[in-house]
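Some notes on the structure that comes next.
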Amino acid sequence: MTIVACQPIDLPRARRLRHRVAAVLLALLVLLCAVLARPVQAAHAIAWGDTPKYPAGFAHFDYVDPAAPKGGTISLDGFGTYDKLNPFTLRGLGAAGVGTLMFETLATTSDDEPLTMYGLLAEDMVFADDKLSITFRLNAAARFSNGDPVLADDVKYSFETLTGKQAHPRFRQYFGDIRQVVAVDARTVRFDFKQLNHELHIIIGSQLPVFSRKWGGGKPFDQVVQDEPIATGPYRIESAAWGKSIVYKRDPGYWGKDLPVRRGMFNFDRVVYKYFRDETARLEGFKAGEFDWIFENSAKNWARGHTGAKYLSGEITKREFRHSNPAGLQGFALNTRRKPFADVRVRQALTLAMDFEWMNRQIFYGQYVRSPSYFTNSDMQATGVPDAAELALLEPFREELDPAVFGEVPMPPTTAAPHSLRENLRAALKLLEAAGWRVADDGRLRNRAGEGFEFEMLSYSTALERVAVPWVRNLDKLGISARLRVTDPALYQKRTDEFDYDVVVHSYSASPTPGNELIERFTAESASVNGSDNVAGIRDPVVDALVKRLLESQSRAELVTVARALDRVLRTGFYLVPHYHAPTHRVAYRRHLAHPQTLPLYYGAADWMLKTWWVKP
């Protein structure tokens with residue numbers, strides 16, 4: 001056993017030691033508080049889950065030509081008619097181009113990154129560490145078309161007006177997770193969030209249109225109809241022939257012409273939209289020189305209509321531009337608010353009656369590819385059986401879900417050998433019989449009450465006939481009477497806003513990084529909001545839960561997994577009879593036009609062309 005001798009304690013020395021330790025601890029505490037209180041560094045750009053491609057002080061986006069000449073007039077086509085200059089209210093039809101040419105946002109996304117925003121009206125931004133707020137500092141040079149500076153109060157007014165009762169109800173849904181907007185000082189504005197949402201900071205930055213408090217002169221917002229917008233964009237309205245044409249002219253005092261996010265863009269001095277009542281008049285108008293380019297959606301027009309001497313001589317160029325866009329899903333949307341379509345077996349049966357292979361071969365000149373998913377042509381498209389990560393999301397809802405969700409994901413029916421239309425129609429009849437429909441002695445499908453199965457497809461264009469008629473013919477073989485109703489665009493808009501239809505053709509575009517748009521498309525809350533994008537009337541608590549989970553995703557991998565699970569649930573619901581997509585943008589344009597050689601990755605043809613093309617000197 002070792003004995004250790006204890007030395008007597010020097011009390012004054014111990015006190016000095018304690019004081020020194022306390023001083024060191026106090027200094028460390030002060031330093032820690034300073035670190036925690038230090039504001040996050042302001043950024044010129046914010047990317048979700050990645051680093052912005054373009055550094056601070058970058059010159060321009062890669063998909064523009066910074067040396068593009070300014071000048072000339074571009075004439076474009078409008079469809080149907082228009083009766084208002086305010087695109088943010090429910091009633092009426094907005095003028096073509098007014099949103100793109102006149103209204104700007106705090107930031108703008110780039111077209112060669114999945115989800116990155118760069119300052120536009122805002123010169124920098126700060127995203128809070130807890131991800132529950134974002135602050136924008138406005139560019140001191142930003143001006144409205146009347147010369148007034150853009151202030152935080154204008155941003156606050158724009159948000160509160162759009163989320164008020166006089167604007168289109170979709171804004172209240174879209175920005176529903178914003179708790180409040182605060183004008184911190186004259187040029188600083190902060191948005192506080194109710195909950196975590198992976199893209200809300202980018203949504204509010206890049207999709208909130210900002211306009212002056214003076215627009216409309218104090219009238220209620222839903223009465224601001226034909227007043228020229230007081231906004232910050234590069235163009236103003238030169239003239240408007242209501243319902244026939246509208247002309248925009250470049251604002252000579254446009255404040256943002258030298259910004260990196262605007263360099264090489266908006267190169268036309270004048271932009272003219274001429275309205276056409278139908279597709280035939282539109283095509284003939286283009287060939288006759290009424291307007292300068294056409295973004296062609298019709299396979300028949302592309303194959304047979306865009307021909308002739310002007311194409312052979314080079315006066316008109318016909319070109320397909322490839323893109324990397326997720327294709328989303330277009331299809332016959334079945335309104336589940338109406339009784340025949342409330343039964344999933346009926347909806348699946350109607351899907352079996354569409355013969356895409358015949359249509360693509362006989363009508364579309366082989367130009368299309370079938371769209372199987374709400375996230376077609378992306379890594380978010382569900383395939384095969386659920387993997388372990390998807391199952392972890394779906395298992396808690398097993399009792400509420402169709403068992404089919406846990407098997408092979410439904411694919412659109414095919415008539416390619418060894419399959420056939422006859423086989424598909426037989427399967428459809430079995431589903432209809434299980435749902436209570438029988439073929440009566442007169443050959444028509446009837447329910448137990450003797451009511452016939454009949455419905456109306458609503459459209460604003462006769463071009464739909466080529467898609468609808470083959471489907472109608474196959475439905476008739478099942479004993480179902482379907483008819484196409486073509487109405488004018490104004491009535492079509494009113495009826496679709498009020499969900500007054502049985503079936504409509506609808507297209508759900510897809511984002512490389514889906515987010516808030518899913519609330520308006522698929523949630524039960526949106527199903528009863530007039531004008532929402534929930535055209536099928538989907539009301540499914542599992543869908544609501546998965547949309548919420550997707551919005552809370554913290555990584556790209558997590559978002560992809562949730563999107564695949566959501567895709568499975570939606571596809572098993574058979575809410576749309578899926579159509580097809582083209583892997584390119586089909587554009588015909590006149591030879592006096594030029595465009596950048598570098599294409600963006602994710603883009604809509606019409607928007608990219610309007611922003612970045614120019615007239616040759």
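The values are calculated or read from the model by the stated rules, or taken from the named source; none is laboratory data. On a predicted model such as this, the values are computed, not experimentally measured, just so you know. FYI the Cβ positions are ideal-geometry reconstructions off the backbone, even for glycines, and counts take in every protein chain you see.
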>> Condition first: within 24 Å of residue 142 (Cβ to Cβ) and without any contact (Cβ under 8 Å) to a residue 12 or more places away in the chain. Can you find one or more residues in segment 236-252 that meet it?
In response: yes
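Against the condition within 37 Å of the chain's Cα centre (by Cα) and more than 30 Å from residue 243 (Cβ to Cβ), how does residue 426 come out, does it pass?
Working: within 37 Å of the chain's Cα centre (by Cα): no; more than 30 Å from residue 243 (Cβ to Cβ): yes.
In short, no.
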> Which residues, counting only those in segment 53-100, are under 24 Å from the mean Cα position of the chain (by Cα), closer than 21 Å to residue 261 by Cβ and in a loop (DSSP other than H, G, I, E, B)?
Replying inline: 53, 54, 61, 62, 63, 64, 97
>> Please go through segment 372-399 and give me each residue that is touching a Pro at 6+ places or on another chain (Cβ under 7 Å) and either among the aromatic types (Phe, Trp, Tyr) or under 30 Å from residue 453 (Cβ atoms) (or both), ordered by number.
In response: 372, 375, 376
> When the residues of segment 358-379 are filtered to those that are among the polar types (S, T, N, Q) and in a helix (DSSP H, G or I), which remaining residue is surrounded by the fewest Cβ atoms within 10 Å (Cβ to Cβ)?
Replying inline: 362
> What residue, of 398, 448, is assigned by TED's automatic domain parsing to the domain that holds residue 571 and not in a helix (DSSP H, G or I)?
Replying inline: 448
> Can you name the condition, by its number, that residue 382 falls short on among (1) crowded, with 21+ Cβ neighbours inside 10 Å; (2) touching a strand residue (DSSP E or B) at 6+ places or on another chain (Cβ under 7 Å)?
Replying inline: (2)
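Considering each residue of segment 506-536, count those that are aliphatic (A, V, I, L, M), closer than 21 Å to residue 370 by Cβ and at pLDDT below 95, and give that number.
Initial filter on segment 506-536 (aliphatic (A, V, I, L, M)): 510, 518-519, 524, 527, 529, 535-536.
Filter again for closer than 21 Å to residue 370 by Cβ, leaving 510, 535-536.
When the remaining residues are screened for being at pLDDT below 95, the result is 510.
The number of residues fulfilling the criteria is 1.
Just one of 461, 507 is among the polar types (S, T, N, Q) and touching a Leu at 6+ places or on another chain (Cβ under 9 Å); which is it?
Details: 461 fails: touching a Leu at 6+ places or on another chain (Cβ under 9 Å).
On inspection, the qualifying residue turns out to be 507.
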>> Against the conditions (1) out of contact with any Phe, Trp or Tyr (no Cβ under 9 Å at 6 or more places or on another chain); (2) under 22 Å from residue 472 (Cβ atoms); (3) of a type in the set (Ser, Thr, Tyr), where does residue 368 fall short? Just the number, please.
In response: (1)
>> Can you find, within segment 118-160, the residue that is nearest to the chain's Cα centre (by Cα) among those that are of a type in the set (Gly, Ala, Ser) and closer than 21 Å to residue 177 by Cβ?
In response: 158
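Do we find a residue being of a type in the set (S, T, N, Q), farther than 24 Å from residue 270 by Cβ and more than 22 Å from the chain's Cα centre (by Cα) anywhere in segment 169-188? Write out each step before concluding.
So in segment 169-188, the residues of a type in the set (S, T, N, Q) come out as 173, 180, 188.
Filter once more, so that each one left must be farther than 24 Å from residue 270 by Cβ: 173, 180, 188.
If we keep only those that are more than 22 Å from the chain's Cα centre (by Cα) too, we end up with 180, 188.
Yes, that holds for at least one residue.
Does residue 355 satisfy being surrounded by 15 or more Cβ atoms within 10 Å (Cβ to Cβ), touching a residue at least 60 places away in the same chain (Cβ under 8 Å), of a type outside the set (Ser, Thr, Tyr) and over 30 Å from residue 417 (Cα atoms)?
Values: surrounded by 15 or more Cβ atoms within 10 Å (Cβ to Cβ): yes; touching a residue at least 60 places away in the same chain (Cβ under 8 Å): yes; of a type outside the set (Ser, Thr, Tyr): yes; over 30 Å from residue 417 (Cα atoms): no.
Taking the combined requirement at face value, the residue does not satisfy it.
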> So which residues in segment 274-300 are of a type in the set (A, V, I, L, M) and within 14 Å of residue 311 (Cβ to Cβ)?
Replying inline: 283, 288, 294
> Looking at segment 185-195, is at least one residue of a type in the set (Ser, Thr, Tyr), under 17 Å from residue 150 (Cα atoms) and surrounded by fewer than 19 Cβ atoms within 10 Å (Cβ to Cβ)?
Replying inline: yes
> Yes or no: residue 92 in contact (Cβ under 8 Å) with a residue 60 or more places away in the chain, surrounded by fewer than 22 Cβ atoms within 10 Å (Cβ to Cβ) and within 21 Å of residue 531 (Cβ to Cβ)?
Replying inline: yes
>> Of the residues 556, 539, 549, only one is of a type in the set (Lys, Arg), over 30 Å from residue 278 (Cβ atoms) and at pLDDT below 95; which?
In response: 556
> Looking only at segment 420-465, which residues are among the hydrophobic types (A, V, I, L, M, F, W, C), surrounded by fewer than 15 Cβ atoms within 10 Å (Cβ to Cβ) and free of Cβ contacts under 8 Å to residues at least 40 places away in the same chain?
Replying inline: 440, 449
> Can you tell me which residue in segment 471-491 is surrounded by the fewest Cβ atoms within 10 Å (Cβ to Cβ), limited to those that are at pLDDT below 95 and assigned to a helix (DSSP H, G or I)?
Replying inline: 491
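Which of the residues that make up segment 207-248 are among the basic types (Lys, Arg), surrounded by fewer than 18 Cβ atoms within 10 Å (Cβ to Cβ) and more than 18 Å from residue 159 (Cβ to Cβ)? Steps first, answer last, please.
First pass over segment 207-248, keeping only residues among the basic types (Lys, Arg): 213-214, 219, 236, 244.
Still in the list and also surrounded by fewer than 18 Cβ atoms within 10 Å (Cβ to Cβ): 213-214, 219, 244.
Listed by number, the residues that qualify are 219, 244.
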> Out of segment 230-267, which residues are modelled with pLDDT under 95 and under 25 Å from the mean Cα position of the chain (by Cα)?
Replying inline: none
>> Between 588, 582, which is at pLDDT below 95 and touching a helix residue (DSSP H, G or I) at 6+ places or on another chain (Cβ under 9 Å)?
In response: 582
> Would you pick out the residues in segment 101-147 that are polar (S, T, N, Q) and outside any loop (DSSP other than H, G, I, E, B)?
Replying inline: 108, 109, 116, 133, 135
> In segment 302-345, how many residues are assigned to a loop (DSSP other than H, G, I, E, B) and either on the phi > 0 side of the Ramachandran plot or among the β-branched types (Val, Ile, Thr) (or both)?
Replying inline: 5
>> Which pairs turn up if I take residues in segment 128-143 that are touching a residue at least 60 places away in the same chain (Cβ under 8 Å) and look for partners that are in a strand (DSSP E or B) and among the polar types (S, T, N, Q) with beta carbon separation below 6 Å, at least 6 apart in sequence or on another chain?
In response: 137/188
